[in-house]
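Working notes for the structure below.
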């Protein structure tokens, strides 16, 4: 997931073509190309080279520098609701593959999504995150209820169990 985020960041920053505003709306500098924003090697501009085979390239930082050093100033750690929600997600994904493990998984997901919705509502004010997490809470609660119902012990009244044992013995 982190890899896709970094690649998307590189693609977005590579597609942004900006112009410096000058007098009268004309640009004082030529627009930057995507390769110059991403610090890629590109051909030297100016007069066409006398020898088209031997082209001089400008030495610039590699593209990996953009990916490795794109956050020089990290933001502070998020609120405790955000951290608790992610701990619930981590614990839910460590649930065993049993019937009780599925109940535990769904219960932890309900709690994690509820904490994420609480964080998005009270701390960050992200309405879309609140709605998405509310939908996830509802879905996981339904699955939790179904799994909890399926693992309940099925017991009959003692007299009915005695009658069934008599029938099997005959």
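Here are a few things to note about the model shown:
- Against the compact-protein benchmark of 2.2 N^0.38 Å, the Cα-based radius of gyration of the stretch 80-150 scales to 1.11.
- Extending 7 Å from the Cα toward the beta-carbon at both residue 159 and residue 86 defines two label points whose distance is 6.0 nm.
- When only Cα pairs below 8 angstrom with a gap of at least 6 residues are kept, the stretch 80-150 shows a relative contact order of 33 percent.
Since every read-out is calculated from the coordinates, none of them should be taken as a lab result. This one's a predicted model, so the numbers in the text were calculated from it and none came from an experiment. Glycine also receives a Cβ, built like all others from the backbone with ideal geometry; neighbour counts cover every protein chain displayed.
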